Amino acid sequence: MLSLEALKKSFGSRSVLKSIDLELQDGEVVAINGPNGSGKTTLLRILSTLMRSDSYTTAKLDGFDITNSSEEVKARVGYLPHSSIFYSELSGFENLDFWSKMHNLNNRTQLVQESLINAGLSSFSDDRTGLYSEGMLQRLGLAMATIHNPTTLLLDEPFNNLDSKGLEYLGNIFSDSREKNRTVLMVTHQKENLADRVLKLEGGVLS
C-alpha cells in the first residue's frame, strides 16, 4: 500500500512535483503517463528512496515513512530504472547474485537461477551483461526488481525493448503481483490496458 499527500519536489527554481496525492491499494496495478520532463521518473526515484522530496504531508509505503524509515522502504520496493544499472563486466548470474546479497537473501543461488529461468535468460547466465541486447537487459532488470519478493514494484518504462517472450514475462509479473497483493506503479505510454488505473502527471500534479 502506498499513500502520498502533498509531495513536492523542485530543482532550483523549477517546481517539478507541485503537490502529488496518490493512494495505491495492495494488488493494484497503476500506470502513470505524461509529457517528457513532467517528473514521472523523479517520482519513482523518490519512492524508491534514491532521491529526497522537498516536503510532504504524508508519504508512506506499507505504513513506513519514505524518509524516516528509508531502509524499511528500500527492502519492500523493487525498482526498475529507465536505464540499465548492471556491471557490464559481470555475468547475468553474478549481477543478480550481487543484488540478492545486498538484500541478505537466503538460498541466493537457487533464487538467482529461478529468476533467470523465469526471465528466459538461463542460457545466457554466464555471459557478461555488456554483451546483452537491450531487451535482455530489460528482462534482467525485471528479474532484479522482483528477486527479493517486494511488496511494491516501481517500474520505469517496463515495456521498452521487450520482444514477445519479454512481454509474456512482464505479463506474468503483473499476474503474480495481483495474486500476491503486490502493488505495481509503472511509468509507461504503452499497453495501458494492462493497468487497473491510468493516471496523468502534468503540471506537477496527478489526475
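Go through (1) basic (Lys, Arg); (2) under 21 Å from Asp163 (Cα atoms); (3) touching a helix residue (DSSP H, G or I) at 6+ places or on another chain (Cβ under 7 Å) and name the single condition Arg128 misses.
(3)
Can you name the number of the only condition in (1) buried (at least 22 other Cβ atoms within 10 Å of the Cβ); (2) on the phi > 0 side of the Ramachandran plot; (3) not small (Gly, Ala, Ser) that Asn181 fails?
Result: Asn181 passes all but (1).
So Lys101 ticks every box in (1) over 20 Å from the mean Cα position of the chain (by Cα); (2) of a type in the set (Lys, Arg); (3) exposed (fewer than 12 other Cβ atoms within 10 Å of the Cβ) but one. Which box is left unticked?
Of everything listed in (1) over 20 Å from the mean Cα position of the chain (by Cα); (2) of a type in the set (Lys, Arg); (3) exposed (fewer than 12 other Cβ atoms within 10 Å of the Cβ), Lys101 misses just condition (1).
Of the residues in segment 7-38, how many are surrounded by 14 or more Cβ atoms within 10 Å (Cβ to Cβ) and either more than 16 Å from Leu155 (Cβ to Cβ) or without any contact (Cβ under 8 Å) to a residue 60 or more places away in the chain (or both)?
Matching residues across segment 7-38 total 13.
Counting just the residues of segment 180-207 that are without any contact (Cβ under 8 Å) to a residue 40 or more places away in the chain and either in a strand (DSSP E or B) or not hydroxyl-bearing (Ser, Thr, Tyr) (or both), which one comes out nearest to Leu24 (Cα to Cα)?
Asn193
Looking at Thr67, Thr129, Thr152, Thr42, which is the one that is closer than 24 Å to Leu201 by Cα, of a type outside the set (Phe, Trp, Tyr) and more than 17 Å from the chain's Cα centre (by Cα)?
Thr67
Considering only residues that are assigned to a strand (DSSP E or B), exposed (fewer than 14 other Cβ atoms within 10 Å of the Cβ) and of a type in the set (Lys, Arg), which ones fall in segment 39-73?
none
Test Leu90 against the stated conditions and say whether it is surrounded by fewer than 19 Cβ atoms within 10 Å (Cβ to Cβ), over 30 Å from Glu5 (Cα atoms), touching a His at 6+ places or on another chain (Cβ under 7 Å) and of a type in the set (A, V, I, L, M).
no
Where a number appears in this text, it was derived from the coordinates with a stated rule and is not lab data. No experiment lies behind these values; they were computed from the predicted model shown. Counting neighbours? That spans all protein chains shown, and the Cβs are built from the backbone with ideal geometry, glycine included.
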